[in-house]
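The values are calculated or read from the model by the stated rules, or taken from the named source; none is laboratory data. This structure is a prediction, so every number in the text was calculated from the model and none was measured. Here Cβ is always computed from backbone atoms with ideal geometry, including for glycine, and neighbour counts include all displayed protein chains.
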Amino acid sequence: MSKPASFTSALALGEAPSSARSKPRVIVTGGSGKLGRATVQYLANEGWEVISVDLRRPAGISEDGKSGLGGAYRLVEIDLEDMGSVLETFHSTDMAYSGIQAVVHLAAIPSPGQTSASRQFRTNTMGWVFVHYTASSTYTGTDSGSSTYNVLEACRKLKIKNVVLASSETLIGIPFDPHPPAFLPMTEEHERRPESAYSLSKLMGETMAEQYTRWDPELKIVSLRFSNVMLPQEYATFEGWQGDAKARYWNCWGYIDARDGAQSVALSLKSKQTGHHQYLIAAEDTCMRMSNDELVKAVFPDVKYTPTAGPNDSLLSIEKAKKELGFKPAYKWQDQVGK
C-alpha cells in the first residue's frame with residue numbers, strides 16, 4: 001500500500017486532512033487596516049474563510065497568527081511588492097490552506113499628503129506601505145503591503161476570476177478646488193480626473209482592470225470608489241463641521257461607514273457579472289445637517305444641480321451600486337453619534 005502524500009490539490013503541505021473545509025476562501029489584502037478589519041469580519045460572518053494579508057499585525061493577535069484576527073482564519077505576512085510571495089500566498093500557505101476563490105485588494109496608502117507623491121504612486125501601484133494603529137485601532141499613519149499589478153497578475157496566472165479592488169472617490173476630480181464638479185449629484189459617468197498622485201494611482205488600477213478583463217472575458221473585477229471611510233468612534237468629530245458649508249466641500253460632503261464599505265465588498269464578490277465595473281460607495285446622507293440646497297448654493301453656485309429627493313441625501317450618487325449590487329447602507333452618522 002502506498003503512503004499518503006503530505007499535500008494534495010485541496011490541502012497545503014502539512015495541513016491535516018481533518019482540517020479540510022467547505023467554505024469559499026478569499027484573500028483580503030490590507031486586512032489589518034481601517035476598512036480591512038471591517039471587511040474581514042463582515043466576510044467571515046457571510047460564510048467566507050478569510051485570509052488576511054498584511055505586513056502589520058492587528059492589536060490582540062496571537063503569536064502564531066491563528067487567533068485574535070477579527071474573523072480571519074489566518075494572517076499571512078508578506079510584502080506584496082514581491083511577486084514570488086504573492087503567487088505563493090495566492091496559491092497556498094503551508095499548514096494553513098490551499099486554493100483561493102476570490103481576492104479583495106484593499107492595501108494602499110489611503111489618502112494624499114501622507115508621504116511623497118512619488119512614493120505614494122509607486123506604493124499604490126507597485127509597492128509597499130505601512131499602517132500604524134493607536135490603541136483605539138484608528139488609522140494614523142503608514143505601513144501595509146500593496147501592489148495592484150502583482151495582485152492582478154497573480155490572479156491571472158492562478159485563474160482566480162473574482163476580484164474586488166479598492167478604488168476611490170478622488171478619481172472623479174476630488175478635491176474640487178480649483179476645478180468644481182461638472183454636475184451634482186456626482187455619478188460614475190463623471191470624467192475621471194485625478195488631481196493627486198494618490199488618485200492617479202487609482203486611475204492606473206482601474207485602467208489595468210479594464211485590460212485584464214479584456215484579456216479574459218470570464219474575469220470579474222469590481223472597482224469600488226470608496227468615499228472617506230469612517231469608524232463609529234469618529235462620528236463625534238462631525239459636529240465640528242456643522243454650520244460651515246466649506247468645512248468638507250472638497251469631496252461633496254461624502255463619507256462611508258467602514259461597515260457599509262464592507263457590505264459593498266461582500267455584494268461585489270457575490271455579483272455574477274463579468275468584466276470591469278466601477279461603483280461609487282458612500283453613505284445615504286452627507287456629513288452635514290445643512291441641506292444640500294444650502295450647501296450647493298454656498299459653495300458650487302454655478303454647477304448644474306439636480307435637487308436630491310431628501311434634503312441631506314448623498315451628493316455622491318450610489319444609485320448604480322444600489323441597482324446593480326443591491327447595496328443598501330445601514331449606517332448614518334447622525335444615528336450613530338453618542339453610541
Quick one: residue 203 ticks every box in (1) without any contact (Cβ under 8 Å) to a residue 40 or more places away in the chain; (2) in contact with a strand residue (DSSP E or B) (Cβ under 6 Å, 6 or more places away or on another chain) bar one, so which box is it?
(2)
Considering (1) touching a residue at least 40 places away in the same chain (Cβ under 8 Å); (2) over 20 Å from the mean Cα position of the chain (by Cα); (3) within 27 Å of residue 295 (Cβ to Cβ), say which one residue 189 fails and leave the rest.
(1)
Taking only segment 314-331 into account, find how many residues are surrounded by fewer than 17 Cβ atoms within 10 Å (Cβ to Cβ) and either on the phi > 0 side of the Ramachandran plot or outside any helix (DSSP H, G or I) (or both).
3
Of all residues in segment 227-255, which are closer than 22 Å to residue 300 by Cα and within 22 Å of the chain's Cα centre (by Cα)?
227, 228, 248, 250, 251, 252, 253, 254, 255
Those residues that are part of a loop (DSSP other than H, G, I, E, B) and surrounded by 24 or more Cβ atoms within 10 Å (Cβ to Cβ), I need them from segment 246-286; list them, please.
252, 253, 254, 255, 282, 283, 286
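Restricting the search to segment 215-230, which residues are buried (at least 18 other Cβ atoms within 10 Å of the Cβ) and hydrophobic (A, V, I, L, M, F, W, C)?
Step one: list which residues in segment 215-230 are buried (at least 18 other Cβ atoms within 10 Å of the Cβ), which gives 219-230.
Scanning segment 215-230 gives 219, 221, 222, 224, 226, 229, 230.
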Being in a strand (DSSP E or B), among the charged types (D, E, K, R) and under 17 Å from the mean Cα position of the chain (by Cα), is that true of even one residue in segment 203-220?
yes
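Within segment 23-42, is even one residue of a type in the set (S, T, N, Q), assigned to a helix (DSSP H, G or I), buried (at least 16 other Cβ atoms within 10 Å of the Cβ) and in contact with a strand residue (DSSP E or B) (Cβ under 7 Å, 6 or more places away or on another chain)? Steps first, answer last, please.
We begin by selecting, within segment 23-42, every residue of a type in the set (S, T, N, Q); these are 29, 32, 39, 41.
Retained after the next criterion (residues that are assigned to a helix (DSSP H, G or I)): 39, 41.
Then drop every residue that is not buried (at least 16 other Cβ atoms within 10 Å of the Cβ), which leaves 39, 41.
From what's left, in contact with a strand residue (DSSP E or B) (Cβ under 7 Å, 6 or more places away or on another chain): 39.
Yes - at least one qualifying residue is present in segment 23-42.
Go through segment 287-298 and give me each residue that's farther than 19 Å from residue 335 by Cβ, surrounded by fewer than 18 Cβ atoms within 10 Å (Cβ to Cβ) and of a type outside the set (Lys, Arg).
Filtering segment 287-298 for residues farther than 19 Å from residue 335 by Cβ gives 293-298.
Narrowing further to those that are surrounded by fewer than 18 Cβ atoms within 10 Å (Cβ to Cβ): 293-294, 297-298.
Residues satisfying the conditions are 293, 294, 298.
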Would you point out the residue of segment 259-289, among those that are of a type in the set (Val, Ile, Thr) and over 16 Å from the mean Cα position of the chain (by Cα), that is nearest to residue 316 (Cα to Cα)?
286
Among (1) β-branched (Val, Ile, Thr); (2) in contact (Cβ under 8 Å) with a residue 40 or more places away in the chain; (3) in a loop (DSSP other than H, G, I, E, B), which single condition is residue 61 missing?
(2)
Would you check if there is a residue in segment 256-267 being in contact with a helix residue (DSSP H, G or I) (Cβ under 7 Å, 6 or more places away or on another chain) and either modelled with pLDDT under 95 or more than 30 Å from residue 207 (Cα to Cα) (or both)?
no
